[in-house]
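What follows is a single structure, written as structure tokens, with notes after it.
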Amino acid sequence: MPLSNLSLGESKEIVSINASAELKDRLLSMGFVPGNSVKVVTQNIMGIILEIKGTRLALNKDLAHQIKVA
Amino acid sequence: MKSYTLALAGNPNCGKTTLFNKLTGAKQHVGNWPGVTVDKKEGVWKNHQEYKILDLPGTYSLSPYSAEEKIARDYIVNEQADCVVDIVESPNLERNLYLTLQILETGVPTVIALNMNDELEARGEHIDTKFLEKQFGVKVVNISAKNSKGIDELYNAIKETIENNIKPNKLILFEKIKTLDEEGVANARYQKISKLVYRAYKKNDNIDSAKARSNKLDEVLTHKYFGLPIFGLIMYLLFQISIGDNLFGLGIPGLGQLLSGWVNSFWGWLTSIVALSLKNAAPWAQGLVIDGAMSGVGAVFGFMPLVLILYLLMSILEDSGYMARVAFVLDRVFRKFGLSGKSFIPLLMGFGCSVPAMTATRSLDEEKDRHITTIITAFMPCGAKLPIIALFVSLFFGSENAANMNFLIYLIVICVAIIVSLILNKVWYKGETSHFLIELPQYRLPTFISVTHRSYEKMKEFIKKASTIILASTIIIWFLTNFNINSFNGVNKTNNENQSVMCEMDDSFMASFGKGISPIFKPLGINGWRPTVGIISGWIAKENVVAAFAQLYGDDITDEYLEKYFNIENASKEELEEIGFNLGIYDRDTAHSIYEDLLTEGADDNALPTVKRDIPTSSGGLAYILFNLLCMPCFAAVGSMHRELKTWRKTMGGVGVQMLTAYIVSLIVRIIGMIFGF
């Protein structure tokens, strides 16, 4: 399911990223790598804040839709 | 002596620039948000002059996608620094090691500096540097750039690395990933890192409380209902404390206004002393020093505390880590205007100075956003434009309405920026911005030392500007407004009663020049050559507008003027001093009340002070303020614009947009003024 569907406090593993090469590389280098786990810190209309590899990242809904987790 | 080149590399916001400033004594802008450094900077190690240091922009990887990554990658891969210093944010070890692995893979001599190690130790955590050294084959040292710890150890490690040409181990990983695709490579790297971190990073499981606090803070500050109001409140406080004079409507003056009053009194005192000591000097010399240099520079100096306090508060905000949160909170709103939430950071910095603010647009992901943000950042009422607002608002609307008018002006400027952004999105740059991604740095309490240090630097910078560009401009304007061709062929000397070679301002070089251009501004309710000179001098530095006014309308505030127009020939010295005019200082409040009295008494036009003859209506005054705020920024900012927009065609296009916007907005204000009679 897309990352945007996760709710507060939920923790899941990244499965795949659907993005342009440039954006994908940025995501990979920031820790969005298949197999890594993410944890949702905040989730509201503005977007989603999550923790990945001990770092806190904020992204908007559009981007969260492009990342699949399971 | 042989010299060496060091390159500082690392993730965004890992403290590279802090270290760079510590080592070189430079004063590069630092802040707690990703993307502060977006260009490579060069310096020399203060204590070890044989080392040249390069501060590369922060990157998450060495792939050749974004502009910053390309700069860092090209340097590390091609130019081959004698040693790369990889700065790692220790509390964020796992993610930071991703770039480290990429750097080590290039095979260049490297030293790894684990920054913010004291923060780690403070919470009872520890990184096993010996283990990492053995794994990577390069030196690993603990440092704290902020607190100047571990700098000697870093030096020794670098020296040893260069002398013995210590190169990183060829990890099995490097061979393995050659056969993998992009995702596989990233995966393999992170797997390796996980193993390393598991062995090297001794975590303290009890620190979850600190993390929980940070979570709570994020929950509130990025809350769907509270996020925006909290941001609004913080902005309100920021501006009230620095430039406002009525905090929460309680009549408490802001810190900036308070200090500003002191500086004005001091300058008045200084001017009177200088005037006294020049009593016997030639008229032109008195004019040059008192009317030229001191009144012009003084008018600018009085506003310095406002700018300084604003800058100080902004640097606290930047240090705290809040800026990245605001970018997130505002993203949805900004997207409606065709911008990214990250545009907020340059726009807010634009309230300080648009030169570094425009450079900060490089942290935006899309070129379209970068360019539009650069162009509209020029609209922001920067520190140098504050005096323009303050002076003309009190002149045309009275100081009792200052708070409301300031707010209205800010509102107009922000609306204009939004509309221009929307238009540029439709006309110039087409295309959608859809993704938003930002790292939220750890919240940090700004240190007293770093904040005061930066304010001190800002003050030094301002004094330098005042004593060079602004002083030179005021002297040139003084010359051009007090002399004409007849000053040099003896005609003035023969005709003037006092044998002075100076001329009436209305006959001066500047008047002839200004008269040629001023018809353009007539529809805006702005007459005469003086306001035109103000606008043009503002392109050199926006402070000049106020400085020029103090000079050009100096006649309004002399004793002779008072005597002539107010029938106070017999006023005592105390009475004159009370209204503050005979000090030669442009006292805004007094000026206003006197003008008001004059107007209500129905004085005839010629008796009006020149400024009221040139700009007779309040709407003209507002149009004049807005024109100065929105038109082409100072040349330094145009240079910064060119660096971001890359071509002169685009830069001139941007300036054209700004000029046109300024004219249209001022014209609309004037038309509304004519309809409603103000």
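The values are calculated or read from the model by the stated rules, or taken from the named source; none is laboratory data. Values in this document were obtained by computation on a predicted structure and should not be read as measured data. Note: ideal-geometry Cβ built from the backbone for every residue, glycine included; neighbour counts use all protein chains shown.
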Exactly one condition in (1) within 14 Å of another protein chain (Cβ to nearest Cβ); (2) touching a Ser or Thr at 6+ places or on another chain (Cβ under 6 Å) is not met by B:GLU367; state its number. (2)
If I ask for residues that are surrounded by 24 or more Cβ atoms within 10 Å (Cβ to Cβ) and of a type in the set (Val, Ile, Thr), which ones from the range B:620-640 would you list? B:ILE625
Picking from A:SER4, A:SER37, the residue that is buried (at least 16 other Cβ atoms within 10 Å of the Cβ), more than 7 Å from chain B (Cβ to nearest Cβ) and either closer than 17 Å to B:LYS216 by Cα or under 10 Å from the mean Cα position of the chain (by Cα) (or both) would be A:SER4
Looking at the range B:479-497, I want the residues that are within 27 Å of B:SER537 (Cβ to Cβ) and have a partner that is among the aromatic types (Phe, Trp, Tyr) with Cβ atoms under 7 Å, at least 6 apart or on another chain. Which pairs are those? B:LEU480/B:PHE509; B:PHE483/B:PHE509; B:ASN484/B:PHE509
Is it the case that B:ILE252 is surrounded by fewer than 17 Cβ atoms within 10 Å (Cβ to Cβ), within 29 Å of the chain's Cα centre (by Cα), farther than 18 Å from B:LYS465 by Cβ and in the same structural domain as B:VAL416 (by TED's automatic domain parsing)? yes
Quick one: B:LEU471 ticks every box in (1) touching a residue at least 12 places away in the same chain (Cβ under 8 Å); (2) within 30 Å of B:ILE672 (Cα to Cα) bar one, so which box is it? (2)
Report, by residue number, each residue of the range B:276-316 that is part of a helix (DSSP H, G or I) and of a type in the set (Phe, Trp, Tyr). B:TRP284, B:PHE301, B:TYR311
With a cut-off of at least 3 residues that are modelled with pLDDT of 85 or more, name the strands (runs of 3 or more DSSP E) lying wholly within the range B:17-107. B:51-55, B:83-89
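For (1) part of a helix (DSSP H, G or I); (2) within 21 Å of B:LYS130 (Cα to Cα); (3) not aromatic (Phe, Trp, Tyr), each residue gets a yes or a no:
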| position | (1), (2), (3) |
| --- | --- |
| B:THR161 | yes, yes, yes |
| B:PRO168 | no, yes, yes |
| B:PHE174 | yes, no, no |
| B:VAL185 | yes, no, yes |
| B:ARG189 | yes, yes, yes |
| B:SER194 | yes, yes, yes |
Qualifying residues in the range B:83-105 (those that are touching a Leu at 6+ places or on another chain (Cβ under 7 Å) and polar (S, T, N, Q)) - the one farthest from the other protein chains (Cβ to nearest Cβ): B:SER90
Residue under evaluation B:ARG530, criteria (1) within 14 Å of another protein chain (Cβ to nearest Cβ); (2) basic (Lys, Arg); (3) under 14 Å from B:LEU552 (Cα atoms), criterion not met: (1)
Are there any pairs with C-beta distances below 9 angstrom linking a residue in the range B:173-190 that is within 14 Å of another protein chain (Cβ to nearest Cβ) to a residue that is among the acidic types (Asp, Glu), with the two at least 6 apart or on different chains, and if so which? B:ILE177/B:GLU105; B:GLU182/A:ASP25; B:ALA186/A:ASP25; B:TYR190/B:GLU94
Out of the residues in the range B:287-321 meeting the condition of being hydroxyl-bearing (Ser, Thr, Tyr) and either under 21 Å from B:THR374 (Cα atoms) or surrounded by fewer than 22 Cβ atoms within 10 Å (Cβ to Cβ) (or both), tell me which one is farthest from the other protein chains (Cβ to nearest Cβ). B:TYR311
Looking at the range B:278-300, is at least one residue in the same structural domain as B:HIS453 (by TED's automatic domain parsing) and farther than 30 Å from B:ASN496 by Cβ? yes
Members of the range A:14-33 found to be farther than 15 Å from B:ASP365 by Cβ and surrounded by fewer than 18 Cβ atoms within 10 Å (Cβ to Cβ), listed by number: A:VAL15, A:SER16, A:ASN18
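For every residue, the table says whether it meets (1) over 23 Å from A:LEU63 (Cβ atoms); (2) hydroxyl-bearing (Ser, Thr, Tyr); (3) assigned to a helix (DSSP H, G or I).
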{"residue": "B:GLU318", "(1), (2), (3)": "yes, no, yes"}
{"residue": "B:ALA324", "(1), (2), (3)": "no, no, yes"}
{"residue": "B:PHE328", "(1), (2), (3)": "no, no, yes"}
{"residue": "B:LYS342", "(1), (2), (3)": "no, no, yes"}
{"residue": "B:PRO346", "(1), (2), (3)": "no, no, yes"}
{"residue": "B:GLY352", "(1), (2), (3)": "yes, no, no"}
{"residue": "B:ASP365", "(1), (2), (3)": "no, no, no"}
So, of the residues in the range B:404-451 that are among the aromatic types (Phe, Trp, Tyr) and within 14 Å of chain A (Cβ to nearest Cβ), which turns out to be surrounded by the fewest Cβ atoms within 10 Å (Cβ to Cβ)? B:TYR443
Expected single match for facing chain A (nearest Cβ under 9 Å), part of a helix (DSSP H, G or I) and surrounded by 12 or more Cβ atoms within 10 Å (Cβ to Cβ) among B:SER242, B:SER214 is B:SER214
